[in-house]
Amino acid sequence: MNQYPVVRVMDVEGTLAFSSSLETALHIYQDMILLRAFDEKTLTLQRQGRVGTFAPSLGQEAAEIASAYALDRQDWMVPSYRDHGALYVHGLPLDHVILFAMGRSGSYAAGVRALPSSIPIATHLLHAVGLAYALKQQAEPAIAMAYFGDGATSEGDFHEALNFAGVWQVPVLFFCQNNGWAISTPVHRQTHSETLAQKAEAYGIAGVRVDGNDALAVYEVVRQAREKAIQGHGPTLIEAVTYRAGPHTTADDPTRYRTSNEVNIHTAQDPIRRLGEFLIQQGLLTKTLKEQMMRDSKERINEAVGRVEAQGAVMVGDMFRHVYQTLPTRIQRQWHEWEDRSHE
Amino acid sequence: MNQYPVVRVMDVEGTLAFSSSLETALHIYQDMILLRAFDEKTLTLQRQGRVGTFAPSLGQEAAEIASAYALDRQDWMVPSYRDHGALYVHGLPLDHVILFAMGRSGSYAAGVRALPSSIPIATHLLHAVGLAYALKQQAEPAIAMAYFGDGATSEGDFHEALNFAGVWQVPVLFFCQNNGWAISTPVHRQTHSETLAQKAEAYGIAGVRVDGNDALAVYEVVRQAREKAIQGHGPTLIEAVTYRAGPHTTADDPTRYRTSNEVNIHTAQDPIRRLGEFLIQQGLLTKTLKEQMMRDSKERINEAVGRVEAQGAVMVGDMFRHVYQTLPTRIQRQWHEWEDRSHE
Amino acid sequence: MSEKNMVEALHDTLSQMMQHDPRLVLLGEDIGVNGGVFRVTDQLLTQFGSDRVIDTPLAESAIVGTALGMAIGGLRPVCEIQFLGFLYPALDQLISHVSRIRARSAGALGAALVIRAPFGGGIRAPEQHADSAEGYLTTIPGLKVAIPSSPADAKGLLIAAIEDEDPVVLLEPIRLYRLGREEVPDTLYRVPLGTARIVQPGRDVSVITYGAMVPLARAAATQLQQRYGWDVEIVDVRSLSPLDEETLGQSVRKTGRAVIVHEAPLTGGFGAEILATVTEQAFWWLKAPIVRVTGPDVPFPPYAWEDWYVPNVSRIAHAIGQVMAEE
Amino acid sequence: MSEKNMVEALHDTLSQMMQHDPRLVLLGEDIGVNGGVFRVTDQLLTQFGSDRVIDTPLAESAIVGTALGMAIGGLRPVCEIQFLGFLYPALDQLISHVSRIRARSAGALGAALVIRAPFGGGIRAPEQHADSAEGYLTTIPGLKVAIPSSPADAKGLLIAAIEDEDPVVLLEPIRLYRLGREEVPDTLYRVPLGTARIVQPGRDVSVITYGAMVPLARAAATQLQQRYGWDVEIVDVRSLSPLDEETLGQSVRKTGRAVIVHEAPLTGGFGAEILATVTEQAFWWLKAPIVRVTGPDVPFPPYAWEDWYVPNVSRIAHAIGQVMAEE
Ligand SMILES: Cc1ncc(C[n+]2csc(CCOP(=O)(O)OP(=O)(O)O)c2C)c(N)n1
Ligand SMILES: Cc1ncc(C[n+]2csc(CCOP(=O)(O)OP(=O)(O)O)c2C)c(N)n1
Ligand SMILES: [Mg+2]
Ligand SMILES: [Mg+2]
């Protein structure tokens, strides 16, 4: 499909192909470092039994971080389970990301325009469309952007969301990270279409394919699609072509379904290294600065983990409190029963 | 979308554009006459309270009948509620069609490779894909074809069905009658894509647009797509562009949402008249023959209605008998209770 | 104050609430130009414009899923599902998201939305148009489910549902849509969710029911009153979730006997929960086993069997006779 | 005969049945190359090829919907839904088609297919991976629902399900997958659907339960036997639909007391149907109100609350104490 060429800003050696904000580039880099450090930390905590099943973004840092940089704080982010990097950029405190990983909350923080991460695949794309409708209706100059994977494009809700978005012409972006795999299913078993971007044809909306390991290209593409949406020119499906370098989740063993050869080829195109090269070439990054960033990241993460672990056991009441705004008597009674039992 | 030109065999004046079997054409014409007569009869019966809510095919006779003629008896037909014409061609006895309209059965007859008509929109497309998988697996030289409307393309199951079909490359055809309306919703409010055929792009499968009021074109297009599928070259989405000349169902009042002007423009392209002109030009049809066909149709329909109405009241047991192959004791007990009550 | 049938009551209430709260939007299939297949939204498009009365493409999961986004974004969506039997594609959205968003966000976000759907047999429609599917909904924590049995309650429940900060499914019995008229006050009043209604008080036996079964229960009660002098109490559950345990328990503690009536199939139907709840509330007062009168455990059949499927006055009267016979 | 845990029993049974019946096909997400996220289908792809062990795209409605087509077309599909909480998008297919095709075709067509899904809490997975959703399924006429509580039953139920001409959902308790091993005969044997199992006979009180709750009920029973000498009968429902009313009724007519235990939320849960059925069967024998021990009426919480949510030995013992205290 030559209709859907892959947009690139840097080539794989990190040489610039067109201009973008260099200061932003450095910030993006810094947060990519943080995200990698976060995932590494969380993987360790998981092995130690301190967090449960967890989905790292290893290899997808450019797509995660740069896409979120292209948003404004007034935009609604509608993430799935792997998007803690994007959520962090959008304002979710690190502590909340950790609370989520520790099974203590729904990765939501008041005041941040992001929905809690959606676990059921593709279901949340519809929420983004509804949010975009509300934004348009209330004349707010903002958009909604849903995050999801290649596998999500097979679900019915993906289809319904893009179709509604097309008919309604609301300011919504569909940000698909094609990381090559849906657990053990490669993209070519997920769909018979050559690209995911071309699925936009079915809805008469724009489709763009971007090198998802090229942070600046991701940033540019999302930024432009956002502008277009804000101007009332309709939704865009963005396919960010990247690669999941790590396991699907901590419960996954990728050696069962893919060769180390394949993984090596892709990790050679590591998005952090690539943006780093570029920033060094631009004179914005040094080895020292990079090491400083890494140390800082680790420290911030350790501090956050410390704070969260210091919180102590969860309270039983929090399981009941928020099921309805006003609790029906039956749930109140259950809450009391459970409280009584917790004092036994 | 010039990629999806409308395939035509006759122009609107009924002049032939390319060759097809003329004997088949006459048979098709005859059954189109029958279908029209059937719908007119059923509409009358409905007004008399002798049948319940019913969906006629007025204006869609070419698409209904000619598409079914392109199938072999070994093919699986997977229809929706409006496809009694196609079912009849595929072997469903007229009596069964009437039983369905009278709320006495599920439009199924043993020995006919057709599923009972599906009421929930688009859900049955998946069954066609599964049937096609089974055919392929068992090396049967046959296909499955699902019938549905323009509105059905918005449902998630439409998407999932076409996607699975693409990945599996099974012999299935998706026959979409774009009749302009889904109850009161015009196609341009149903989707923002210019054609429905182009939705095939999303699945990497073939998409074809055919003049659905050109019976011979419908026949040719389905026949060719069928050949292709049988040869193992994958599924096709066929958009047959037609027009629903009558109400959505007997419960519908189309004057609420469309002008008589629009209806008049389309009924001027009536598919029966059009095929009739062509057959007259070809010397295959005469006014006498046509009138004979109409009389025969009415007679056959009246006889069938007579047979069905002579059947008397339904038996309460038939509501229980077929819920499971072997009835659990609870349902047996209910059956007995209900039987007792029926003798009260 | 004027006489209205249920369709008119619902229509006028939607119109009133749309005027009253500019955040309200309606969405569904054929609700705009066509005014809904039962005309509940007739002319509202003309009155409020296509931004607020939205004719959607044909996709129920999308109707409910986008409504959730709208609600979080500050609108108050009221969805129409054309028939309850077509809600099934949207169950995932209801179970996974609509009902959970408040708990998931620790109370910060809510799904202040309403889903209206006509249900039940009675109009000789094709298959799947007559399903009574409340049993799938009442087992979803975080959701509320209400069913009116009269025009006045339809209005009060609809307003309560629209004003509720949590999601409410309002199921509208098709057979009652145009069955009769009654005085419906013009003011904005609420029937609080979670409250049952004593349709008629009685001493001997409680008939606990809802929706289109309420008039049948009344007819059965009248018959038995005349024939045997039995004093039947009729409780219209009205709000299935949350359930008014107190009113149900009180009634059965008073009468000591209960018959539960609904149109949905027996097994796993909401009648089981009512039976369980009432038994928990009134075990020591029970003089006879509670009897459930329901549709049979079969899919709703083609309409030729409709009269066999749906509970009728004679089945209800028979069941009351059964519980009265004990002891 | 060899010792197997539940995963091994299921795996070996699938392998045996695939050899035994060439019409059998497996389909689901990640069941092929990956062997399923719980490894129930480990290596079956190598053994039987990709035509019979199908790694599907990510779409549950399609898995169930295409399986129905396959079944009608002469194959015998066994679907895996990765976690029961992801069955929701397929509920429409189950309710509208899979469960109705036989009735709709007057018995001519059947949905001889099986759906397997792991369920319940216990592995600190993200939200929605721990739902106990049997309550949505047991109210669908035309469907069967079974839940094993041991490796041997898992085999027998799976074979019965595969051989059944009607659709069966087999729910597999995640916590029992690798909890223990027991002797599982190598022969092809069936646990007939519709039969409950008396796990241990007793005179004083019936604990009626299923799945992962069975071992907890045993532990509670042992504790109470030791502490108070109470003789607890444990009934493993095993087949929720069709329900073995007879065995349940007999048990409670004998003991006069019952506790029902499941992990799913209380309201509208399958426990309500059990309570209703048992009450109908044994009303005059009941010495105390039946007590339900269930998850609370809240969505399954993030896993930090998991131990609070899931019923435990102490809650079950406490409930047994309650029903024993009466009279
Ligand atoms: C409806 C649903 N079905 C199945 C799952 C289990 N599951 C979790 S992640 C996943 C694969 C998702 O792949 P993709 O969409 O490519 O996203 P990625 O994980 O690669 O980021 C599956 C099958 C789920 N969460 N939701
Ligand atoms: C899932 C579902 N939702 C809604 C309906 C109600 N309904 C019946 S037909 C129809 C319109 C269908 O339009 P289209 O697909 O274009 O087919 P047509 O009737 O025009 O042949 C609707 C909304 C249904 N049957 N199933
Ligand atoms: Mg992926
Ligand atoms: Mg149409």
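The table that follows gives values for the structure above.
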read-out: Criterion (more than 24 Å from A:HIS322 (Cα to Cα), assigned by TED's automatic domain parsing to the domain that holds A:THR267 and touching a His at 6+ places or on another chain (Cβ under 7 Å)) met by exactly one of A:LEU71, A:LEU43; value: A:LEU71
read-out: Any pair with Cβ under 9 angstrom, 6 or more apart, that starts in the range B:160-179 at a residue that is without any contact (Cβ under 8 Å) to a residue 60 or more places away in the chain and ends at one that is of a type in the set (D, E, K, R) and within 16 Å of ligand 1 (Cβ to nearest atom); value: B:GLU160/A:GLU155; B:GLU160/D:GLU60; B:VAL167/A:ARG189
read-out: Matching option when the condition is away from ligand 4 (no atom under 16 Å from the Cβ), farther than 19 Å from C:ALA67 by Cα, charged (D, E, K, R) and under 15 Å from the mean Cα position of the chain (by Cα), among A:ARG104, A:ARG113, A:ARG82; value: A:ARG82
read-out: Helices (runs of 4 or more DSSP H) fully within the range A:93-209 counting 2 or more residues that are more than 29 Å from C:PRO22 (Cβ to Cβ) and at pLDDT 95 or above; value: A:156-168, A:187-190
read-out: Which listed residue, of A:GLY180, A:GLY166, A:GLY151, A:GLY212, is over 27 Å from A:PRO56 (Cα atoms), small (Gly, Ala, Ser) and more than 16 Å from ligand 2 (Cβ to nearest atom); value: A:GLY166
read-out: Unique match (being closer than 30 Å to B:ILE33 by Cα, buried (at least 19 other Cβ atoms within 10 Å of the Cβ), more than 19 Å from the chain's Cα centre (by Cα) and assigned by TED's automatic domain parsing to the domain that holds B:ILE119) among B:TYR203, B:TYR257; value: B:TYR257
read-out: Looking only at the range C:1-51, and only at residues there that are more than 22 Å from C:SER150 (Cα to Cα) and among the polar types (S, T, N, Q), the one that is farthest from ligand 4 (Cβ to nearest atom); value: C:GLN19
read-out: Residue in the range B:241-261 that is within 14 Å of chain A (Cβ to nearest Cβ) and away from ligand 4 (no atom under 14 Å from the Cβ) present; value: no
read-out: Hey, D:ARG124 in contact with a Phe, Trp or Tyr (Cβ under 8 Å, 6 or more places away or on another chain), farther than 23 Å from C:THR139 by Cα and facing chain C (nearest Cβ under 10 Å) or not; value: no
read-out: Flag for C:SER251 being farther than 30 Å from D:VAL98 by Cα, at pLDDT 95 or above and surrounded by 24 or more Cβ atoms within 10 Å (Cβ to Cβ); value: yes
read-out: Hey, B:ARG307 among the basic types (Lys, Arg), touching a strand residue (DSSP E or B) at 6+ places or on another chain (Cβ under 7 Å) and in contact (Cβ under 8 Å) with a residue 12 or more places away in the chain or not; value: no
read-out: Selection count where residues are more than 21 Å from the chain's Cα centre (by Cα) and surrounded by 16 or more Cβ atoms within 10 Å (Cβ to Cβ), scope the range D:17-34; value: 8
read-out: Residues that are under 24 Å from A:HIS84 (Cα atoms) and basic (Lys, Arg), drawn from the range A:225-256; value: A:ARG226, A:ARG244
read-out: Test: residue in the range B:276-288 that is within 14 Å of chain D (Cβ to nearest Cβ), surrounded by fewer than 17 Cβ atoms within 10 Å (Cβ to Cβ) and either among the polar types (S, T, N, Q) or part of a helix (DSSP H, G or I) (or both); value: no
read-out: Unmet requirement for C:GLY122, which otherwise passes all of (1) farther than 19 Å from C:LEU158 by Cα; (2) surrounded by 24 or more Cβ atoms within 10 Å (Cβ to Cβ); (3) not polar (S, T, N, Q); value: (2)
read-out: All strands (runs of 3 or more DSSP E) inside the range D:195-285 with 1 or more residues being farther than 17 Å from D:MET324 by Cα and within 14 Å of chain C (Cβ to nearest Cβ); value: D:239-241, D:258-265
read-out: Hits in the range B:135-146 - residues which are more than 16 Å from ligand 4 (Cβ to nearest atom) and either outside the structural domain of B:ILE230 (by TED's automatic domain parsing) or buried (at least 24 other Cβ atoms within 10 Å of the Cβ) (or both); value: B:LEU135, B:ILE143, B:ALA144, B:MET145
read-out: Subset of the range D:35-55 (residues that are touching a residue at least 40 places away in the same chain (Cβ under 8 Å) and either within 16 Å of ligand 3 (Cβ to nearest atom) or surrounded by fewer than 17 Cβ atoms within 10 Å (Cβ to Cβ) (or both)); value: D:VAL37
read-out: Residues (within 14 Å of A:ALA114 (Cα to Cα) and in a loop (DSSP other than H, G, I, E, B)) located in the range A:54-81; value: A:LEU71, A:ASP72, A:ARG73, A:GLN74, A:ASP75, A:PRO79, A:TYR81
read-out: Hey, B:ASP211 within 30 Å of B:GLY52 (Cβ to Cβ), assigned by TED's automatic domain parsing to the domain that holds B:GLN60 and acidic (Asp, Glu) or not; value: no
read-out: Residue within the range D:268-281 that is under 21 Å from D:ASP236 (Cα atoms) and surrounded by fewer than 21 Cβ atoms within 10 Å (Cβ to Cβ) present; value: yes
read-out: Subset of the range B:147-205 [away from ligand 4 (no atom under 16 Å from the Cβ), out of contact with any Lys or Arg (no Cβ under 9 Å at 6 or more places or on another chain), closer than 19 Å to C:PRO89 by Cβ and more than 7 Å from chain A (Cβ to nearest Cβ)]; value: B:ALA161, B:PHE164
read-out: Residues of the range C:131-173 classified as within 13 Å of chain D (Cβ to nearest Cβ) and small (Gly, Ala, Ser), total; value: 4
read-out: Pick from the range D:270-327, criterion of a type in the set (Phe, Trp, Tyr) and within 20 Å of D:VAL145 (Cβ to Cβ), ranking: nearest to the chain's Cα centre (by Cα); value: D:PHE270
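The values are calculated or read from the model by the stated rules, or taken from the named source; none is laboratory data. Keep in mind that what you see is a predicted model, and the values were worked out from it rather than measured. In this analysis, Cβ positions are derived from the backbone assuming ideal geometry, glycine residues included, and neighbour counts consider all displayed protein chains.
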